Amino acid sequence: MRVAAIEGGGTKFLAAVGNSNTITGRYTRIATTTPKETFSLLLDYLRTQYKNEPFSAIGIGSFGPLGVDPHSGNYGVIGPTTKPHWSQVSYPEALGEFQVPLAITTDVNAAALAEATSGAGRGCKRVIYVTVGTGIGGGFVVNGQLSHGQFHPEMGHMRVTIHPDDPMPDGFCHFHGNCLEGLACGPAIEKRWRGHLGTLDENHLGVKLQAYYLAQMCVNLLLTMTPDAIILGGGVMQTPSLLPKIRRELQKLMNHYLPQHSSDAAVNALIKAPTYAPSAGLIGAALLAEGLR
Ligand code: ZN
């Protein structure tokens, strides 16, 4: 099945035509500027592809907030965002000329679907994917389907216990101050330590705090949603010592409460690195489009 896939990010749009196995082989990259300029370039690309050989559906994984309920009037419409000119931009309106079905979700959800289907969560029934970067966001996939209601999960804004040694306990979130994202997103780390996490020594307090906060998130997700895998991606997670530290901190916080998640091997299988970064969103968008059959 030949489909078009779009990953709409805050800094760049990626688009490709093919199927979910081949889609990352060749894609076009467009800078995210104004909606008019970005969509003009995107449509040029898609029109050329369509003329060459038509595609039968379009899958979209976009930055949000975004309407993700197909039965709602705001499906595929970007909600209030601090990104100038992008609030109320409608994907169905922008892509209507192709007259093919659209499957629209967030970029994080699309990445979650890709990782759950054929990436690090392959073979697991319940998979959570979290990206830790400019913000913190997560998607939840159950039996191969994205799970959400009228709005997509907002895992990044959960509350966590503040570490007593945190020099910036008030956090950074515009809405909540010291929610998880306010404490542990990339800009919060940079504000607190004046540099990326990757530049700090692995024994630096900054890495310890990061593991402490993200382990609390994993504990909360594990206890509420009973996932088989929690996949942690995004720029901040590229700090090599972070993933093992999160696993050990999770064991400490859980304190053998769930025996099946107590051993090192079990925790290593539960808390994982992604397979597809950075193209997971594009693969997920293709999978969504293919699912419209
Ligand atoms: Zn928040």
Taking region 60-78 and the residues there that are without any contact (Cβ under 8 Å) to a residue 40 or more places away in the chain and touching a Pro at 6+ places or on another chain (Cβ under 9 Å), the one that is surrounded by the fewest Cβ atoms within 10 Å (Cβ to Cβ) would be 75
Does region 223-233 contain any residue that is open to solvent by less than 10 Å² (accessible area, probe 1.4 Å), under 20 Å from residue 116 (Cβ atoms) and without any contact (Cβ under 8 Å) to a residue 40 or more places away in the chain? no
Can you tell me how many residues in region 172-195 are near the ligand (Cβ under 8 Å from one of its atoms) and surrounded by 13 or more Cβ atoms within 10 Å (Cβ to Cβ)? 6
Only one of these is assigned to a helix (DSSP H, G or I) and of a type outside the set (Lys, Arg): 110, 120. Name it. 110
Positions within region 79-102 being surrounded by fewer than 17 Cβ atoms within 10 Å (Cβ to Cβ) and farther than 16 Å from residue 63 by Cα, in sequence order: 93, 96, 97, 99, 101
Filter region 135-161 down to the residues that are within 14 Å of the ligand (Cβ to nearest atom) and either outside any loop (DSSP other than H, G, I, E, B) or among the aliphatic types (A, V, I, L, M) (or both) and list them by number. 136, 137, 138, 155, 156, 157, 158, 160
If you scan region 236-271, which residues turn out to be open to solvent by 90 Å² or more (accessible area, probe 1.4 Å) and within 21 Å of the chain's Cα centre (by Cα)? 238, 240
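The values are calculated or read from the model by the stated rules, or taken from the named source; none is laboratory data. Quick caveat: nothing in here was measured; it's all calculated off a predicted structure. Neighbour counts are summed over all protein chains in view; Cβ atoms, including those assigned to glycine, are modelled from backbone coordinates with ideal geometry. Please note that ligands, DNA and RNA were not included when accessible areas were found on the heavy atoms of the full protein model with its side chains. Shrake-Rupley method; radii C 1.70, N 1.55, O 1.52, S 1.80 Å.
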